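Read through the structure below, which is laid out as structure tokens, and then see the notes.
The values are calculated or read from the model by the stated rules, or taken from the named source; none is laboratory data. In this text the structure is predicted, and so the values were computed from the model without any measurement. Using ideal geometry, Cβ is built from the backbone for each residue, glycine included, and neighbour counts are taken over all protein chains shown. Just the protein is used for accessible areas: all its heavy atoms, side chains included, with ligands, DNA and RNA removed. Shrake-Rupley method; radii C 1.70, N 1.55, O 1.52, S 1.80 Å.
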Amino acid sequence: MERVGTGIPGYDELLGGGFFKGSVNVVIGGTGTGKTVFGGEFIHEGAKHGKKGMVVLTSEETEYIRREWYTSFGWDFWKLEEEGDVTFVDIADPDLRLQKTVEIAPDELIKSFKKLLENKIKTVNPDLIFIDSLEALFLAIDSKYRLKSMVDDVFNVLREAAATCIVATGVIYGVDEIIAYSADSITNIGMVRVGNNIQRSIHVAKHRGSAIVNQVRVLQLSDNGIDVLSQSPYLEF
Ligand SMILES: Nc1ncnc2c1ncn2[C@@H]1O[C@H](COP(=O)(O)OP(=O)(O)OP(=O)(O)O)[C@@H](O)[C@H]1O
Ligand SMILES: [Mg+2]
């Protein structure tokens, strides 16, 4: 099976050599841990290497994220979009026409989301997809069984595409655990307190069909974006 490099320094090693082509990979972390940056770097690096990217935003508008990525890291997604290297899909998309509100039944929202994904994948035909994020869509599904089968439905749409995907998921009421079950790989990112310092941590919790590095490492955020360092956040150094 063909591997796809993520472009995130130090991360491919943790995965045992990158993602498998066409796989659905979940990145789980609490708020502010770096999920959105993670997916942005994956798409930005891919574009640098001629890979077509698609970014799907379920909670924010495109312009907001583009601005955030520009002020944080200088990534120019306006240019990438203009040149046809990256396509954005957000909640204001006319095909979805579903501003996320409490008035829309959650089943309907997920069904429309699935259809939107299918349509966009067909027209854009991306190599890489980043979905930011899934937990909010599934939060209102009461039955765990239904939640699991709906997640499987959405993941099947992604697997039918030739694209390699990162799906970000926040940590909320166990929804993240159910989303993780269906994924081909799981990466956990978090914040760790070491003395007076807070550091970000990263580890790969599963990767179907691959060996992984069973270590917690430091995830560093800087003006250059993300670096996965070779050291553990738990050691004093
Ligand atoms: N140039 C930079 N150097 C260091 N850290 C940065 C830089 N730019 C942004 N950050 C940090 O990155 C963090 C943003 O992470 P991100 O938005 O990816 O988190 P998230 O897990 O997606 O959170 P949310 O739950 O809000 O979606 C912010 O806390 C911000 O301080
Ligand atoms: Mg985010």
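This table checks each residue for (1) out of contact with any Ser or Thr (no Cβ under 9 Å at 6 or more places or on another chain); (2) at pLDDT 95 or above; (3) of a type outside the set (Asp, Glu).
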| position | (1), (2), (3) |
| --- | --- |
| GLU135 | no, no, no |
| ILE141 | yes, no, yes |
| CYS165 | no, yes, yes |
| HIS203 | no, yes, yes |
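Return yes when THR33 is hydroxyl-bearing (Ser, Thr, Tyr) and either within 14 Å of ligand 2 (Cβ to nearest atom) or over 18 Å from the mean Cα position of the chain (by Cα) (or both) and no when it is not.
On the way: hydroxyl-bearing (Ser, Thr, Tyr): yes; either within 14 Å of ligand 2 (Cβ to nearest atom) or over 18 Å from the mean Cα position of the chain (by Cα) (or both): yes.
Here the answer is yes, as THR33 does meet what is asked.
Are any of the residues in segment 149-166 within 16 Å of ligand 1 (Cβ to nearest atom), assigned to a helix (DSSP H, G or I) and not hydrophobic (A, V, I, L, M, F, W, C)? Show your work before the answer.
Within segment 149-166, the subset within 16 Å of ligand 1 (Cβ to nearest atom) is 166.
Retained after the next criterion (residues that are assigned to a helix (DSSP H, G or I)): none.
Checked segment 149-166: no residue is within 16 Å of ligand 1 (Cβ to nearest atom), assigned to a helix (DSSP H, G or I) and not hydrophobic (A, V, I, L, M, F, W, C).
If you check LEU15, LEU57, which single one turns out to be more than 15 Å from ligand 1 (Cβ to nearest atom) and not hydroxyl-bearing (Ser, Thr, Tyr)? Even if it seems obvious, please write down each step before you answer.
Values: LEU57 fails: more than 15 Å from ligand 1 (Cβ to nearest atom).
Matching residue, one of LEU15, LEU57: LEU15.
Would you call ILE179 of a type in the set (A, V, I, L, M) and either more than 27 Å from TRP69 (Cα to Cα) or assigned to a strand (DSSP E or B) (or both)?
Spelling it out, it is not the case that ILE179 is of a type in the set (A, V, I, L, M) and either more than 27 Å from TRP69 (Cα to Cα) or assigned to a strand (DSSP E or B) (or both).
All but one of (1) in a loop (DSSP other than H, G, I, E, B); (2) of a type outside the set (Val, Ile, Thr); (3) open to solvent by less than 10 Å² (accessible area, probe 1.4 Å) hold for PHE42, so report the exception by its number.
Result: PHE42 fails condition (1) only.
Of (1) part of a loop (DSSP other than H, G, I, E, B); (2) within 16 Å of ligand 1 (Cβ to nearest atom), ARG67 satisfies all except one. Which?
Only one criterion is unmet by ARG67, namely (1).
Pick from segment 68-83 the residues that are free of Cβ contacts under 8 Å to residues at least 12 places away in the same chain, touching a helix residue (DSSP H, G or I) at 6+ places or on another chain (Cβ under 9 Å) and under 17 Å from SER222 (Cα atoms): which of them is nearest to ligand 2 (Cβ to nearest atom)?
TYR70
Do we find a residue being away from ligand 1 (no atom under 11 Å from the Cβ) and open to solvent by less than 30 Å² (accessible area, probe 1.4 Å) anywhere in segment 25-39? Spell out the reasoning first.
The initial filter retains those residues of segment 25-39 that are away from ligand 1 (no atom under 11 Å from the Cβ), namely 25-26.
Now narrow it down to the ones that are open to solvent by less than 30 Å² (accessible area, probe 1.4 Å): 25-26.
There is at least one residue in segment 25-39 that is away from ligand 1 (no atom under 11 Å from the Cβ) and open to solvent by less than 30 Å² (accessible area, probe 1.4 Å).
Of the residues that sit in segment 140-151 and are more than 17 Å from the chain's Cα centre (by Cα) and of a type outside the set (Gly, Ala, Ser), which one is surrounded by the fewest Cβ atoms within 10 Å (Cβ to Cβ)?
Narrowing segment 140-151 to residues more than 17 Å from the chain's Cα centre (by Cα): 140-150.
Now drop any that are not of a type outside the set (Gly, Ala, Ser), which leaves 141-142, 144-148, 150.
Numbers: ILE141: 19, ASP142: 7, LYS144: 12, TYR145: 9, ARG146: 14, LEU147: 20, LYS148: 16, MET150: 21.
The residue in question is ASP142.
Consider segment 70-88. How many of its residues are away from ligand 1 (no atom under 16 Å from the Cβ) and either at pLDDT below 95 or in a loop (DSSP other than H, G, I, E, B) (or both)?
Selection size over segment 70-88: 3.
Looking only at segment 154-175, count how many residues are open to solvent by 10 Å² or more (accessible area, probe 1.4 Å) and out of contact with any helix residue (DSSP H, G or I) (no Cβ under 6 Å at 6 or more places or on another chain).
7
When the residues of segment 106-139 are filtered to those that are within 16 Å of ligand 2 (Cβ to nearest atom) and not hydrophobic (A, V, I, L, M, F, W, C), which remaining residue is most open to solvent (accessible area, probe 1.4 Å)?
This residue is GLU135.
Go through (1) away from ligand 2 (no atom under 16 Å from the Cβ); (2) touching a residue at least 60 places away in the same chain (Cβ under 8 Å); (3) more than 19 Å from SER222 (Cα to Cα); (4) surrounded by fewer than 17 Cβ atoms within 10 Å (Cβ to Cβ) for SER59 and report which single condition fails.
(1)
Within segment 183-192, identify whether any single residue is open to solvent by 40 Å² or more (accessible area, probe 1.4 Å), small (Gly, Ala, Ser) and assigned to a loop (DSSP other than H, G, I, E, B), and answer yes or no.
Within segment 183-192, not a single residue is open to solvent by 40 Å² or more (accessible area, probe 1.4 Å), small (Gly, Ala, Ser) and assigned to a loop (DSSP other than H, G, I, E, B).
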